[in-house]
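Comments concern the structure below.
Just so it is clear, none of the values below were taken in a lab; they were calculated from the coordinates. Remember, it's a predicted structure, so these values are computed and weren't measured experimentally. Reconstructed Cβ throughout: ideal geometry from the backbone, glycine too, with neighbour counts over all protein chains shown.
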Amino acid sequence: AAASPSTATTSPKTVEINGKKYTTDSWFNVSSTVLALTSRKLHLQKDHPVAITRKIIESVFPAPTYKYYNEFDPVVSTHENFDSLGFPPDHPGRARSDTYYINKDTLLRTHTSAHEAELFRARASGGYLLSADVYRRDEVDRSHYPVFHQVEGARVWDRTKVPGGNIAAAVRADLDRLPTHNMKVEDPNPPFHAERNPLQAPHHSPDEAAAIAAHLKRSLELMVNEIFSRAKAAVAASKPTEETQETEPLRVRWVEAYFPFTSPSWELEVFYQGDWLEVLGCGVTKQELHINAGSLSQLGWTFGIGLERIAMLLFQIPDIRLFWSRDERFLAQFRGVEDNLQKLRPFVPFSRHPACYKDVSFWLGGVSAAGGGKGGAVDWHGNDLMEVVRDVAGDCVEDVRLVDEFMHPKTGRRSMCYRINYRSLERTLTNGETNEMHERVMKGLVERLGVEIR
Ligand code: FA5
Ligand code: MG
């Protein structure tokens, strides 16, 4: 496949990440902005909303059954991030337009599942929670950022360590020990589906898979219930008593999903502000992971949840860029909450600064496009443009949208128009400043993506 254009003007020969040096090659595509974020570790920053959210999730999966891992390095091998989990060689997630590579074999993890194989190796019965920063090349808007945080959870049982080797009975006994809740849960599908969401028939009996699924679903429902009860309490505490009104019970639903490393698989959705919102993916762990880890008698479940998405609901945070802010008007609002969750209150946004929209229109395959020739044949990835914008203008851009696209009927060249919204969260940008940034964005697009400005 054609390589997407490199978005770095000059690739350094080596990069240093958290004190370790890595040699780059032609796969390198990590912008300096993103490199600089590898040391932030918001999930470990005391009283940061991402860290508070992690703590609340951990509280639902108590030690000593669950062990906590929060310090794993973001640099992993392509094997760990993809191959070890059964991703096929041509999976789109592997593309350089979607993933940040240091070199062909080394990347910034795109999900916390990258550590599953490692953690399953030589692990006794029980489970773990792992929280970490993850990296994805993606669009620019109020709910997407190239770095976000996930919590991965796993629970394993060992056939050789349960009475009579009866896993289903042991799992159900553990399920009976879990608390209950009174959320409205829609779960219209049977625990597995022959084609779409199959039982791992060579490894699990239907009864075992059903028991694991039931334990998994209850565990995650309890987590969502904990988070939304806290969100509700926070809203109630922030209002004068006469204003508090009866709110509807929380509604959640299970939907079938697909992941290469679980089967059956599901996503959990929460009904929030009139819409179903996906909050996590999960499933019965593929037996190959346990087999490859040398733990032949183990089986269980895994899940992965995005922390920012949950924190935005929990604290009513309107823009994902805020998490990276060092502004006291943001940080001070969460101080003391980590050690006393009773202090949790909705975030009060500071005044919004004016938006400034600027368009940029260009022809693809201008001066330096690979292959020269007809622009229409150029391999274009919107994420490459997003990277240039982030690198030049950083958090001064709220969102970037494709507003027009057409092909010249005679030359076959493709033209695109993107609209960039320059708006800082922290201050009003001056006209001069915005114009200057926009000039640099256009220059970056020409130099790094070989487009021709119209
Ligand atoms: C995964 O990353 C899987 N590793 C999850 C998993 C783990 C499945 C273990 C099964 C077993 P996905 O790409 O859907 O899946 O992301 C998981 C969660 O991360 C999403 O439900 C969402 O909460 C969050 N998430 C994903 N992409 C973004 C994004 N761009 N911004 C914010 N949150 C995101
Ligand atoms: Mg998903």
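In table form, for the structure just shown:
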| quantity | calculated |
| --- | --- |
| Long-range tail of P(r) for the range 14-343 (Cα pairs > 24 Å, %) | 57 percent |
| Total formal charge among the other residues, if their Cβ is under 14 angstrom from that of Asp105, Lys/Arg +1 and Asp/Glu -1 | +1 |
| Cα-centre dipole for the chain with unit charges at Cβ (Lys and Arg positive, Asp and Glu negative), debye to 20 | 540 debye |
| Pairwise FRET efficiency - Glu426 versus Ser26, Cβ, R0 = 41 Å, nearest 0.05 | 0.65 |
| Helix 167-177 axis, angle to the chain major axis (alpha carbon atoms, nearest 10°) | 90 degrees |
| ³J(HN,Hα), Karplus 6.51/-1.76/1.60, whole Hz, each residue of the range 85-91, x for Gly, Pro | 9, x, 5, x, x, 9, 5 |
| Trypsin sites (Lys or Arg not before Pro) within the range 298-369: DSSP coil, no more than 13 neighbouring Cβ in 10 Å | Arg326, Arg335, Arg352 |
| Estimated vicinal HN-Hα couplings, Hz - the range 397-406 in sequence order (Karplus 6.51, -1.76, 1.60; Gly, Pro = x) | 10, 7, 7, 10, 10, 6, 10, 7, 7, 8 |
| Loop-resident sites, the range 113-221, for trypsin sites (Lys or Arg not before Pro), counting at most 16 other Cβ within 10 Å (DSSP) | Arg121, Arg142, Arg196 |
| Residue-by-residue Karplus 3J(HN,Hα) for the range 152-157, coefficients 6.51, -1.76, 1.60, Hz, glycine and proline x | 10, x, 9, 9, 10, 10 |
| Residues with amide H under 5 Å from that of Arg251, placed H, sequence gap 5 or more | Phe271 |
| Between helix 431-449 and the chain: long-axis angle, C-alpha atoms, 0 to 90°, nearest 10 | 80 degrees |
| 18 Å reach of a label modelled at Glu278, 7 Å along Cα-to-Cβ, counting backbone N of the range 98-122 | 98-99, 110-114 |
| Contour minus Cα-Cα distance for Ala95 and Asp207 (0.36 nm per residue) | 36.5 nm |
| For Ile17, distant residues with modelled amide H under 5 Å away | Tyr22 |
| Loop trypsin sites (Lys or Arg not before Pro), the range 12-82, which have at most 12 other Cβ atoms in a 10 Å radius of their Cβ (DSSP) | Lys13, Lys46 |
| Positive dipole terminus of the chain, leading residue within Asn189, Ser238, Val50 (C-beta point charges) | Val50 |
| Taking the chain and dividing mean pair separation by its residue count, relative contact order in percent (alpha carbons under 8 Å, at least six apart) | 17 percent |
| If the convex hull is drawn through the Cα atoms of the range 125-203, its volume per residue in Å³ | 213 Å³ |
| Cα-derived Rg to Rh of the range 356-453, Kirkwood definition | 1.01 |
| Folded to 0 to 90 degrees: helix 49-60 orientation relative to the chain principal axis, Cα | 20 degrees |
